[in-house]
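The values are calculated or read from the model by the stated rules, or taken from the named source; none is laboratory data. Model, not experiment: these values are computed from the prediction. Cβ coordinates were reconstructed from backbone atoms using ideal geometry, including for glycine residues, and neighbour counts include every protein chain displayed. Side chains are part of the model used for accessible areas, which takes the heavy atoms of the whole protein and leaves out ligands, DNA and RNA. Shrake-Rupley method; radii C 1.70, N 1.55, O 1.52, S 1.80 Å.
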Amino acid sequence: MSNIKLIIEERPSNIGNFMVGRLLPFREKRMVGPFSFIDHMGPICLSDHENLDVPPHPHIGLSTLTYLFEGSIMHKDGLGTEVEIKPGQVNWMTAGSGIVHSERTPSYLRDSDKMLHGLQIWVALPAALEKMAPEFYHAGEEDIPSWEENGIAFKLIAGEAFGRKSPVPVYSPLYFLELKTTNRQTVTIGADLFGESALYILEGAIESEGYTYEPKQILVAKDTKLCEFVMQENTTVYIFGGEPFPEERIIYWNFVASTRERIEEAKTMWLEQSFASVPGETDFVPLPEQGKNIKN
């Protein structure tokens, strides 16, 4: 077992088998397999005059995965899709060559108090598919493979693992799993995973090698496999990973690409408003200030 780098305090410490950070990317780990970005939304209580309103904005070179624990979001995109996502469902939008979408509180909830809580995730596409035609897929909660084993409730939200396959149409070898337990349980699943792997703690706590990790921490396995760990009672974690790409990825704003040239093409497309627009939407979000927001 090698070292943990404790990014939370912004200074490295050698204390275990994981790199530890808050959300992805963090300073010392930019991607886990094809996963390039994770955002934990909320939980937040919105009053009767507060609503989620993310105006139309573009993506390229990735698939977005939205998974809610509470609340509801109306998704609209340039393909003409208009779908409400509710807790336990999966919104999977593949941008490919480019897509624009908006995310808003549904009209029937806009004048009432409501909660919003969930994960939004970016999964980079293989270089050969970065310019594929955009697609959209919505999976109901009943479509997601679920099972119990050794006192742990599993859900395979996307990808393949444990001899099971999610219906979500992914484009590289990966997995995104939910593990939930009400009782203290020891977990040993490294042999069932592949590629790089990481774990995000939603609630409860994880114990490993004498250390305890708490909500909103990501543990990235340094040996590409999650070692044995203990889930405390009433703990929920998300395990994600897969085969890494041979090329680095550049992230600029909402764009992910394997080359800077592709990023520049997308900038020009957005400035010229040549992406397919979202029906019924007229807002325009400007590009971030030039020279900023590029990570590679």
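Just a few scattered comments:
- If the condition is being among the charged types (D, E, K, R) and in contact with a helix residue (DSSP H, G or I) (Cβ under 9 Å, 6 or more places away or on another chain), then segment 227-244 contributes only GLU228.
- Scanning segment 141-164 for residues that are in a loop (DSSP other than H, G, I, E, B) and touching a residue at least 12 places away in the same chain (Cβ under 8 Å) gives ILE144, PRO145, ASN150, GLY151, PHE162.
- Where a residue in segment 179-207 is under 11 Å from VAL237 (Cβ atoms) and its partner, wherever it lies, is open to solvent by 40 Å² or more (accessible area, probe 1.4 Å) and part of a strand (DSSP E or B), with Cβ under 7 Å and at least six apart: ALA205/THR212
- Residue among GLY96, GLY88 that alone is in contact with a helix residue (DSSP H, G or I) (Cβ under 6 Å, 6 or more places away or on another chain) and touching a residue at least 12 places away in the same chain (Cβ under 8 Å): GLY88
- Of all residues in segment 204-221, none satisfies being of a type in the set (Lys, Arg) and more than 29 Å from MET74 (Cβ to Cβ).
- Some residue of segment 191-203 being part of a strand (DSSP E or B), among the small types (Gly, Ala, Ser) and touching a Gly at 6+ places or on another chain (Cβ under 8 Å): yes
- Filter pass, LYS131 being under 28 Å from SER258 (Cβ atoms), surrounded by fewer than 20 Cβ atoms within 10 Å (Cβ to Cβ) and in contact with a helix residue (DSSP H, G or I) (Cβ under 9 Å, 6 or more places away or on another chain): yes
- When the test is whether a residue is in contact with a strand residue (DSSP E or B) (Cβ under 6 Å, 6 or more places away or on another chain) and under 28 Å from THR94 (Cβ atoms), PRO215 does not pass it.
- Scanning segment 211-227 for residues that are assigned to a loop (DSSP other than H, G, I, E, B) and touching a residue at least 40 places away in the same chain (Cβ under 8 Å) yields LYS216, GLN217, LYS222, ASP223, CYS227.
- Of the strands (runs of 3 or more DSSP E) contained entirely in segment 36-113, not one carries at least 2 residues that are open to solvent by 20 Å² or more (accessible area, probe 1.4 Å), among the hydrophobic types (A, V, I, L, M, F, W, C) and within 26 Å of SER258 (Cα to Cα).
- Residues located in segment 101-154, provided they are basic (Lys, Arg) and either within 30 Å of GLU265 (Cβ to Cβ) or in contact with a strand residue (DSSP E or B) (Cβ under 8 Å, 6 or more places away or on another chain) (or both): ARG104, LYS114, LYS131
- Sole residue being open to solvent by less than 40 Å² (accessible area, probe 1.4 Å), among the hydrophobic types (A, V, I, L, M, F, W, C) and under 13 Å from PHE240 (Cβ atoms), chosen from LEU174, LEU125: LEU174
- Segment 33-64, residues that are under 10 Å from the mean Cα position of the chain (by Cα), of a type in the set (A, V, I, L, M, F, W, C) and at pLDDT 90 or above: PHE35
- Of everything listed in (1) in contact with a Gly (Cβ under 9 Å, 6 or more places away or on another chain); (2) open to solvent by 20 Å² or more (accessible area, probe 1.4 Å); (3) aromatic (Phe, Trp, Tyr), the single unmet condition for PHE162 is (1).
- GLU141 vs. criteria over 21 Å from PHE37 (Cβ atoms) and more than 20 Å from the chain's Cα centre (by Cα): no
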